[in-house]
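The values are calculated or read from the model by the stated rules, or taken from the named source; none is laboratory data. Computed from a prediction, not measured in an experiment: that's the story for all the values here. Cβ sites come from the backbone with ideal geometry, for glycine too, and all protein chains shown count toward neighbours.
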Amino acid sequence: MRSVTRWAVSLAALALASCGGGGGGGGGGSGGTTTTPPTPGTPSPTPAGVYTLPAAVALTTADVQQVIAQAVAEARARNLPVVIAVTDRVGNVLAVYSMAGARATTVTRAGPTGVNTDAQGLTVPAAGAAIAKAITGAYLSSSGGNSFSTRTASQIVQEHFPPAPSTAGLEGGPLFGVQFSSLPCSDVTTRTASTTVGPRRTPLGLSADPGGFPLYKNGTLVGGVGVVGDNDYGFDRNILDVDADDEENIAYAATVGFDAPIDQRADRITVDGTALRYSDASTGTLRTTPSSAPAFSTLGAAAGAFTPVTGYYSGAGALAGQVYGAEASGLRLATAAEFSIAGAMVLSDGAGANRFPIRGGTDAADGLTPLSAAEVRAVLEEAFTIMSRARGQIRRPLDSRAEVSMTVVDSRGQILGIVRAPDAPVFGIDVSAQKARTVALLSGQRAAAELLGDPSADVRGFVQKTRDFFGDATALTGRNALAAKSIGNLARPYFPDGEVGRPNGPLSRPIALWSPLSTGLQSALVFGNLGQHLGFVSGGLATDTPARCTSLPDVAPGQNPLQNGLQIFSGAVPIYRGSQLVGAIGVSGDGIDQDDMISFLGAHNGGARLGGAIGNAPVAIRSDTLLVGPTQTRLRYVGCPFAPFLDTNEQNVCQGK
């Protein structure tokens, strides 16, 4: 807990007034068929033309005004003046409108016992919270597969899934930890006010507070809307009841005419047999008829005003959104020279240059043979091929292809390439890089030294906690390969995951302090940067956070190992050259088992294609060889889905690799 930063933030804001579980990917077992690795030097065949850009549509200024007008009408009917934010799909803020009398601030949910750590119990700008909600609705959704809201986000980030008093004992949410992504300090998200290039950062990361929804035009995702008006920025602790949430109803009213397709809303999608939740609001709970709301032009100055938000929005009225997939949006289709598989998308600077082109590793000075550009390309191409064959978990209709973002980094956490499917949810871009960097750091020789180099005693303390939990005084020095699933297990407030009464994992807060706003090492690492940014947005601090999310020492000048923060759910594996760690691949955007499989088989097949020069970690050092904690529980490595492909009936596809 960093109390000085916590106090500064509040004061500034007020001024604004394995495969199949424990067996891992290491092999063993029998049954089913196995995936034939590619012939050395030959890329795996990819189904041709399987991915295309969504329709080229965007929010107009009139659309943005209509969204605001509908929200204002519902807010008036509920006698709750609110702040309304509208964004496009890549996170550009198109409007922040504050109704007369709306609160200028909101308070993040306090800790469960009243003791606040990290982002709990902070007074923050209401405009920043509304932007976070709008971006969350846009970033977690897609045009042709899934539509998620901030209520959906709430359901999938808590300590039990689904969250409810009667579900204690179940594992944590599938996207546990995703709320600390797309952070304002990220080097993957963008911040320059003079550009429209996305993906843009959010003031508070992703939001789990109901009241944020995606916006659609003719079935194409074009943005999001977020509403803040009460004094509680929190999450839904009981998914089994139906809340009468004013913010959510106001935001839902704003979406009418820009509705998410019914067949792909979260409540049509199941995870582990549980239907996700889209909204507790509906047309039946609204107090107005949004299509008959008074036009925005009739509201007048007394109703409210557009509100400037430092670093996000000038206050100059309603703006038009960018066409997703166009150069100006920062996300466009790759050229053949950038990536050989048709239909891939890259991140661009708005002027044609790839922001994260495929390149070789930067870590030769560490005594390694770095990943070459050809090796990075092989891993990404093979991962892309696996994705294009895989059945998506969160996409409708059933048997749709998975669409994800994927990032390869070197052992120092430097990004060596990012590619993605064109309709993958945008949140996965930043998260895939977080996952890869997290795995590369915590599997590497310098993990303990890096964490012990942080100025916060809180952060430093996680090293000894991990060593005690492992029963190994040398843990976090590269002896064990930790995949994202392994790290996620260690970052749960119960270990084994979900088992009430068990102690917390060594990277987690104990349950008495834990919440989605204070997860443990993940939140402790970034809280100082988050606090600095919120103070900057509020006007209390003159300097914004740098594009660097931790205070860990640089590996080399300008090279921070966790530049956009740490992530704690599945979908990344380290990459080895023999017994030496040389990098990692992170994948995000679909079900966690799909993400695991794409990263694991991408690394395996990429290495096999090159004659075995690189590949997954040696079986003997993978985390699923370890028994850890008081219960001596086997630490998991990856979990791959059964019969995951659309073009074959292969099973146990990660077995033996």
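The set of residues from the stretch 372-387 being under 13 Å from S599 (Cα atoms) and either hydroxyl-bearing (S, T, Y) or within 17 Å of the chain's Cα centre (by Cα) (or both) comprises just one member, T385.
Counting the residues of the stretch 484-519 that are assigned to a loop (DSSP other than H, G, I, E, B), of a type in the set (A, V, I, L, M), crowded, with 23+ Cβ neighbours inside 10 Å and in contact with a Pro (Cβ under 8 Å, 6 or more places away or on another chain) gives 0.
Using the structure shown, decide if L286 is within 26 Å of N79 (Cα to Cα) and surrounded by 23 or more Cβ atoms within 10 Å (Cβ to Cβ). Taking the combined requirement at face value, the residue does not satisfy it. Scanning the stretch 93-126 for residues that are part of a loop (DSSP other than H, G, I, E, B), surrounded by 23 or more Cβ atoms within 10 Å (Cβ to Cβ) and either among the β-branched types (V, I, T) or in contact with a Phe, Trp or Tyr (Cβ under 9 Å, 6 or more places away or on another chain) (or both) turns up T117, D118, A119, L122.
Within the stretch 242-282, how many residues turn out to be farther than 21 Å from V222 by Cβ and of a type in the set (S, T, Y)? Qualifying residue count for the region: 3. Exactly one residue out of R191, R200 is within 21 Å of the chain's Cα centre (by Cα), at pLDDT below 95 and among the basic types (K, R), and it is R191. Exactly one residue out of V431, V409 is of a type in the set (A, V, I, L, M, F, W, C), over 12 Å from the mean Cα position of the chain (by Cα) and surrounded by 24 or more Cβ atoms within 10 Å (Cβ to Cβ), and it is V409. Considering the stretch 289-308, and only residues there that are among the β-branched types (V, I, T) and surrounded by fewer than 20 Cβ atoms within 10 Å (Cβ to Cβ), the residue that is farthest from V64 (Cα to Cα) turns out to be T289. So which pairs qualify, if the first residue must be in the stretch 424-443 and closer than 17 Å to A481 by Cα, the second must be of a type outside the set (A, V, I, L, M, F, W, C) and part of a helix (DSSP H, G or I), the Cβ gap must be under 7 Å, and the two must be at least 6 apart or on different chains? Correct list of pairs: L441/E450.
All of V222, V227 fail the test of being outside any loop (DSSP other than H, G, I, E, B), over 27 Å from V107 (Cα atoms) and in contact with a strand residue (DSSP E or B) (Cβ under 8 Å, 6 or more places away or on another chain), apart from V222. What residue, among those in the stretch 578-625 that are in a strand (DSSP E or B) and of a type in the set (A, V, I, L, M), is farthest from S143 (Cα to Cα)? Across the stretch 578-625, the extreme among qualifying residues is L581. Selection of first residues in the stretch 325-346 that are in a helix (DSSP H, G or I) and of second residues that are hydrophobic (A, V, I, L, M, F, W, C) and crowded, with 16+ Cβ neighbours inside 10 Å, restricted to Cβ pairs under 6 Å at least 6 apart or on distinct chains, gives the following pairs, ordered by first then second residue: S329/V90.
Of all residues in the stretch 158-181, those satisfying the criterion of being closer than 11 Å to Q567 by Cβ and polar (S, T, N, Q) are Q179, S181. Considering only residues in the stretch 305-324 that are β-branched (V, I, T) and part of a loop (DSSP other than H, G, I, E, B), the one that is nearest to L534 (Cα to Cα) turns out to be T310.
For the stretch 466-478, the criterion of a residue being within 18 Å of S443 (Cβ to Cβ) and among the basic types (K, R) is satisfied by at least one position. Based on what the data block shows, is S523 of a type in the set (G, A, S) and touching a helix residue (DSSP H, G or I) at 6+ places or on another chain (Cβ under 7 Å)? Here the answer is no, as S523 does not meet what is asked.
Limited to the stretch 619-646, what total is found for residues that are over 23 Å from T270 (Cβ atoms) and either in contact with a helix residue (DSSP H, G or I) (Cβ under 9 Å, 6 or more places away or on another chain) or aromatic (F, W, Y) (or both)? Break it down into steps so the answer makes sense when it comes.
Narrowing the stretch 619-646 to residues over 23 Å from T270 (Cβ atoms): 619-635, 637.
From what's left, either in contact with a helix residue (DSSP H, G or I) (Cβ under 9 Å, 6 or more places away or on another chain) or aromatic (F, W, Y) (or both): 619-620, 622-626, 628-630, 633-635, 637.
Within the stretch 619-646, residues that are over 23 Å from T270 (Cβ atoms) and either in contact with a helix residue (DSSP H, G or I) (Cβ under 9 Å, 6 or more places away or on another chain) or aromatic (F, W, Y) (or both) number 14.
Consider V157 carefully, then state whether it is out of contact with any helix residue (DSSP H, G or I) (no Cβ under 8 Å at 6 or more places or on another chain), closer than 26 Å to V409 by Cα and surrounded by 23 or more Cβ atoms within 10 Å (Cβ to Cβ). Here the answer is yes, as V157 does meet what is asked. Residues in the stretch 170-218 that are at positive phi and outside any loop (DSSP other than H, G, I, E, B): G205 alone.
Residues considered: G273, G311. Of these, the only one that is at pLDDT below 95, loosely packed, with under 14 Cβ neighbours inside 10 Å and of a type outside the set (D, E, K, R) is G273.
Close contacts from the stretch 220-241, counting a first residue that is within 24 Å of P199 (Cα to Cα) and a second that is part of a loop (DSSP other than H, G, I, E, B) and acidic (D, E), with Cβ to Cβ under 6 Å and a gap of 6+ residues or different chains, come to Y233/D209.
Suppose the filter is modelled with pLDDT of 95 or more, more than 21 Å from the chain's Cα centre (by Cα) and among the hydrophobic types (A, V, I, L, M, F, W, C); does A603 pass it?
Against the criterion (modelled with pLDDT of 95 or more, more than 21 Å from the chain's Cα centre (by Cα) and among the hydrophobic types (A, V, I, L, M, F, W, C)), A603 qualifies.
Screening R396 against (1) assigned to a loop (DSSP other than H, G, I, E, B); (2) over 22 Å from G325 (Cα atoms); (3) touching a helix residue (DSSP H, G or I) at 6+ places or on another chain (Cβ under 8 Å) leaves a single unmet condition, (2).
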